[in-house]
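The next block holds one structure in the form of structure tokens; read it before the comments.
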Amino acid sequence: MGARPSGKLVYLSEPEQLEIKEYDVPEPEPGAVLTEIEQANVCGSELHIWRGHHPEVKEGVLGHEAVCRVSELGDGVETDFAGEPLEEGDIVAPAYFLTCQRCAPCRNGQFNLCENAYKFWSKPPEEPPHFHGTFSTHYFIHPDQYFYKVPEDVNPNVAAAANCALSQMLYGLDEVGVGWDDTVVVQGAGGLGLNTIAIARERGADTIVVEGIDGRIERAKEFGVDHVIDFREYGTVEERAERVRELTDGVGADVGVEVAGVPEAFAEGPFLLRDGGRYLEVGNVNPGINADFDTGTLTRKGIDITTAIRYQPWYLRKALRFLSKHGDDYPYEDLIDAEFDLVDVEEALAKSDTREITRAALHPHSHAD
Ligand SMILES: [Zn+2]
Ligand SMILES: [Zn+2]
């Protein structure tokens, strides 16, 4: 073998402290795949980690959303996780977490909860194979990490986000159950909310979004939401609940989806639903932040609550196929509104943090390097 290529990565040493580090790129171990990053996205959870608020990931190589180009296959790798033949140069999307198949949740088939999900992501960059995150020129897909070829009719620019919000909401809406003619009330129109609207519509459901920011309301409309409840206009839980009833023949929504990420939204959920409704909690992920919750109303209304943290990894394939089938019907391509070189990651994070931009993409290979 000749000399190994070298690559760069973005390392978070402590909150808001970033360094660009350079390492030789190791060969992939058996079962692993070495890739080059085509595009990585700045996600809400990156901002969360960058500020030091993530409960598990405090330092490490940043980045989890990406599409990658296969550059070397480890021994024994001939296909992706759907059995599609794989070769160098193929564009793939990896799940951003591992599924060890040995921990307690994995042994019970709950791969979304794998205790070793972030075994590599949170490792220090000195430790081979160094390229543990997607804010990098290179990325290692580990033997326990699901990945799929991106269908040729899916724009890589759109596919770069498939391994996060879209996969998670496809999984979540399966968990809570959304069917034909259901009414789904979506609390929040960020990335998770927009994907919820698209998926619910494709299932023949009616959608109502509760939101109070103009830009987000506009996006929700572009994604085809049926009704908007602007919480600047409907200022109390009672007013919003009443409005949902007006829109649902007086009964309330069949399904509620919390993707606002504030505990008060969760506490409001039961009031927006019909008796016997179903509720999916996704947005609140910070332990130790509480809201007053009316448990009696929950019980009396007979509401089922379920959660979706990450996703069963095969949902990534469903997400890519969803984009192949329906991607053109929604303005997915407009969701990225700023593009940066990898070395300008600081600016990308800062501008995302102040919401000067909505969604930033990083292109590690846009410079000759
Ligand atoms: Zn993400
Ligand atoms: Zn596991």
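The values are calculated or read from the model by the stated rules, or taken from the named source; none is laboratory data. Since the model is a prediction, treat every value here as computed from it, not as a measurement. Because the Cβ atoms are built from the backbone with ideal geometry, glycine has one as well, and the counts that use them run over all protein chains shown. Note: accessible area is taken over every heavy atom of the protein model, side chains too, but ligands, DNA and RNA are not part of it. Shrake-Rupley method; radii C 1.70, N 1.55, O 1.52, S 1.80 Å.
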Once Rh is set to the Kirkwood radius over Cα pairs, what Stokes-Einstein translational diffusion coefficient, in µm²/s, holds for segment 165-307 at a temperature of 4 °C and a viscosity of 1.567 mPa s? 88
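Any chance you could run the full-extension gain for ILE20 through GLU87? It's 0.36 nm times the residue separation minus the Cα-Cα distance, nm to one decimal. Each step should come with its number before you reach the end.
Details: separation 67, 0.36 × 67 = 24.12 nm, distance 2.97 nm.
Additional length available on full extension: 21.1 nm.
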Long-range Cα-Cα pairs in the chain (distance over 26 Å), rounded percent: 51
Any idea how far the Cα center of segment 174-228 sits from the one of segment 296-351, in Å? 12
At 7 Å along the Cα-to-beta-carbon direction for both THR236 and LYS301, put a label point, then send me their distance in nm to one decimal. 1.7
Expressed in square angstrom to the nearest 10, the accessible area of LEU73 with a 1.4 Å probe stands at 60
Solvent-accessible area of LYS123 with every protein chain in place, 1.4 Å probe, in Å² to the nearest 10: 50
Taking every other residue with Cβ under 11 Å from the Cβ of ALA205 and scoring Lys and Arg +1, Asp and Glu -1, one gets -4
Scoring only Lys, Arg, Asp and Glu (+1, +1, -1, -1) among other residues with Cβ under 12 Å from the Cβ of TYR171 yields +1
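Sort SER6, SER71 from largest to smallest accessible area, using a 1.4 Å probe on the heavy atoms of the protein chains. Please list the in-between numbers first.
Details: SER6 60, SER71 30 Å².
Accessible-area ranking of SER6, SER71, largest first: SER6, SER71.
Using 0.36 nm per residue, how much length does the chain from ARG4 to ALA104 gain when fully extended, once their Cα-Cα distance is taken away? Don't skip to the answer; put the middle values down first.
On the way: separation 100, 0.36 × 100 = 36.00 nm, distance 3.82 nm.
Stretched out fully, the ARG4 to ALA104 stretch lengthens by 32.2 nm.
With a 1.4 Å probe and every protein chain kept in, tell me what percent of the accessible surface of segment 59-169 is carbon plus sulfur. Numbers along the way, then the final one.
On the way: 1760 of 4080 Å².
Using a 1.4 Å probe with all protein chains present, segment 59-169 comes out at 43 percent carbon and sulfur.
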How large is the helix-only mean residue ellipticity at 222 nm for the chain, computed as the sum of -39500 (n - 2.57) over DSSP H runs with n ≥ 4, divided by its residue count, in deg cm²/dmol to the nearest 500? -7000 deg cm²/dmol
Of TRP50, TRP180, TRP314, which has the most accessible area and how do the rest follow, probe 1.4 Å? TRP180, TRP314, TRP50
Exposure rank, largest accessible area first [PHE147, PHE266; 1.4 Å]: PHE266, PHE147
Nearest 5 percent is fine: what portion of the DSSP beta bridges confined to the chain is antiparallel? 55
Which net charge results when you count Lys and Arg as +1 and Asp and Glu as -1 among the other residues whose beta-carbon is under 11 Å from that of ASN157? -3
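What do you get when you divide the Cα radius of gyration of segment 95-168 by 2.2 N^0.38 Å, with N the number of residues? Before the final figure, lay out the partial values.
Numbers: Rg = 13.6 Å, N = 74, 2.2 N^0.38 = 11.3 Å.
Taking N as the residue count of segment 95-168, the ratio is 1.20.
Determine by what factor the alpha-carbon radius of gyration of segment 34-86 differs from 2.2 N^0.38 Å, reporting the quotient.
Against the empirical 2.2 N^0.38 Å value, I get 1.49 for segment 34-86.
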Per DSSP, the loop-located GluC sites (Glu not before Pro) within segment 4-59 having at most 13 other beta carbons within 10 Å are GLU16, GLU56
Quick one: accessible area per residue over segment 258-309, 1.4 Å probe, rounded to a whole number of Å²? 51
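Taking only protein heavy atoms into account and a 1.4 Å probe, give the accessible area per residue of segment 1-144 in Å². Please list the in-between numbers first.
Details: 6080 Å² over 144 residues.
About 42 Å² of surface per residue is accessible.
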Just report the Cα centroid separation between segment 130-163 and segment 92-110, whole Å. 16
How large is ³J(HN,Hα) for each residue in segment 136-151, as worked out from phi by the Karplus curve 6.51 cos²θ - 1.76 cosθ + 1.60 (θ = phi - 60°), to whole Hz, x for Gly and Pro? 7, 7, 10, 8, 9, 9, 7, x, 9, 10, 5, 8, 9, 5, 7, x
